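A.B. asks: The structure that follows is given in the form of structure tokens.
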Amino acid sequence: MAHSPQHEPSGLLDHALRARSAVPLLVLLALLPFAALALDEGFYIGVASRILIFALAATSLNLILGFGGMVSFGHAAFVGMGAYTVGILMQGGIVSAWIAWPAALLVGGLFAFVIGLISLRTQGVYFIMITLAFAQMLFYLMVSLKQYGGEDGLALATRSDPGLGLDLSDDVQFYFVVLAICTGVFVCLARLLNARFGHALQAIRENETRMAALGFAVYRHKLAAFTLAGAIAGLSGALLANQSGFVSPSLLQWSQSGVLLVMVILGGVGHLYGGLAGAAAFLLIEEIVSTYTIHWQFGLGALLLAVVLLAPNGLMSLARRRGAP
């Protein structure tokens, strides 16, 4: 069978998930928990799970920020609503992951759709402020719901049950489930970005007026991307709730949206692996430096300064110079 060019995109708007970099990375991630156990450092399995979950959330933000040009300062709201969906369902006795996780995805997508309907009619700083305002409204809503813990948050009795003989209370099994979900999302996003929709979304980012003049439904493309990003963020929230065993309104706060923005900028805005690289750098800096001092933000600031000076387009721009995707 002839090799299809669709599998190795090379255009300006294409973002290849090349096997020569993706497969070794996946193998390394698959071997990581065994290496951690062999070194008697099982704690780092949980750290790796957390990195992958935040990579999922940051990648969902990168979809609208890096590929759609929409600077949202309320993206953490969708992560928080996904997390609360799992917590509320579990409080009602529903522990099945096959119910709770798709529900979190749908709730994140639904809130993103409703917020996008209004906020996407604006641009620039107005769009930023409206997304921030909606996120703060949801934050105060969850604070006011005392039956779900209010500002004290909600503890999960257990992790979700996916069946199939899996026990997510085991950190290794939970890690592999998270890795499988992240892999699936990355593959789907790569295909989406290299499809007609992804090309149109990136072209809208570059010149919205021209795309509208060419007959493209600019508003609908942006709303679809915004909704999809919210759905993926909701799924990451479901995983985060399971990983930490706790849900609180702080997940929806504007500062959490700022953390996701920093991750995307650190990793590389508009790079397929930008969210993963940024989440890994951010959380590893926090984990390593915080063991020596409570002022771990100083180390993060130094890293950000280095990135600005050496790689203005993020850490992935350094990899791209060496031929990586």
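A.B. asks: Below 8 Å, C-alpha to C-alpha, sequence gap of six or more: please give me the relative contact order for the chain in percent.
C.D. replies: Taking the mean separation of contacting Cα pairs over the length of the chain, I get 32 percent.
A.B. asks: What residues qualify as long-range amide H neighbours of Asp161, i.e. H under 5 Å apart, gap of 5 or more or another chain, H built at 1.01 Å from N?
C.D. replies: HN-HN under 5 Å from Asp161: Ser96, Ala97.
A.B. asks: When Lys and Arg each count +1 and Asp and Glu each count -1, what net charge do the other residues less than 13 Å away from Phe34, Cβ to Cβ, add up to? Could you put the intermediate results ahead of the total?
C.D. replies: On the way: positive: none; negative: Asp40, Glu41, Asp171.
So the environment of Phe34 carries a net charge of -3.
A.B. asks: I've got another one for you. Of the accessible area of the chain, with the probe set at 1.4 angstrom, what percent is carbon plus sulfur?
C.D. replies: 67
A.B. asks: Any idea of the accessible area per residue across segment 230-325, 1.4 Å probe, to the nearest Å²?
C.D. replies: Using a 1.4 Å probe on heavy atoms only, each residue of segment 230-325 averages 43 Å².
A.B. asks: Work out the FRET efficiency for Tyr292 and Ala195 from their Cβ-Cβ distance, taking R0 = 41 Å, and round it to the nearest 0.05.
C.D. replies: Calculated value: 0.35.
A.B. asks: Tell me, what ³J(HN,Hα) does each residue in segment 88-99 have, in order and in whole Hz, if you take phi through Karplus 6.51 cos²θ - 1.76 cosθ + 1.60 with θ = phi - 60° and put x for Gly and Pro?
C.D. replies: 5, 5, 5, 5, x, x, 9, 10, 5, 5, 5, 9
A.B. asks: Mind giving me the nanometre distance, one decimal, between the label points for Met129 and Arg20, set 7 Å out from Cα along Cα→Cβ?
C.D. replies: 4.9
A.B. asks: I would also like to ask the following. Helix-derived [θ] at 222 nm for the chain: sum -39500 (n - 2.57) over DSSP H runs of at least 4, divide by residue count, nearest 500?
C.D. replies: -23000 deg cm²/dmol
A.B. asks: Let me ask something else about it. Just report the Cα centroid separation between segment 127-177 and segment 252-325, whole Å.
C.D. replies: Result: 24 Å between the Cα centres.
A.B. asks: Further, regarding this structure: So which trypsin sites (Lys or Arg not before Pro) in segment 244-325 are both in a DSSP loop and have at most 10 other Cβ atoms within 10 Å of their Cβ?
C.D. replies: Numbers: sites: Arg320, Arg321, Arg322; in loops: Arg322.
For trypsin sites (Lys or Arg not before Pro) across segment 244-325 that sit outside H, G, I, E and B with at most 10 neighbouring Cβ atoms in 10 Å, the list reads Arg322.
A.B. asks: Of Val125, Met137, Cys182, which is farthest on the positive side of the dipole of segment 104-196, counting Cα position, with +1 on Lys and Arg Cβ, -1 on Asp and Glu Cβ, and the Cα centre as origin?
C.D. replies: So the residue we want is Val125.
A.B. asks: Mind checking the per residue accessible area of segment 23-118 for me, 1.4 Å probe, whole number of Å²? It would help to have the intermediate numbers written out before the result.
C.D. replies: Details: 3730 Å² over 96 residues.
I get 39 Å² per residue for this part.
A.B. asks: Follow-up. Run the quick spin-label model on Asn313 and Arg220: label points 7 Å from Cα toward the beta carbon, then report their separation in nm to one decimal.
C.D. replies: Distance between the two pseudo-spin positions: 3.2 nm.
A.B. asks: What are the ³J(HN,Hα) values, in whole Hz, obtained from phi via the Karplus relation 6.51 cos²θ - 1.76 cosθ + 1.60 with θ = phi - 60°, for each residue of segment 282-298 in sequence order, with x given for Gly and Pro?
C.D. replies: Coupling constants for segment 282-298: 4, 6, 6, 4, 4, 5, 6, 5, 5, 6, 9, 7, 6, 8, 5, 4, 5 Hz.
The values are calculated or read from the model by the stated rules, or taken from the named source; none is laboratory data. Computed from a prediction, not measured in an experiment: that's the story for all the values here. Reconstructed Cβ throughout: ideal geometry from the backbone, glycine too, with neighbour counts over all protein chains shown. To get the accessible areas, we keep the full protein, side chains included, count just its heavy atoms, and leave off ligands, DNA and RNA. Shrake-Rupley method; radii C 1.70, N 1.55, O 1.52, S 1.80 Å.
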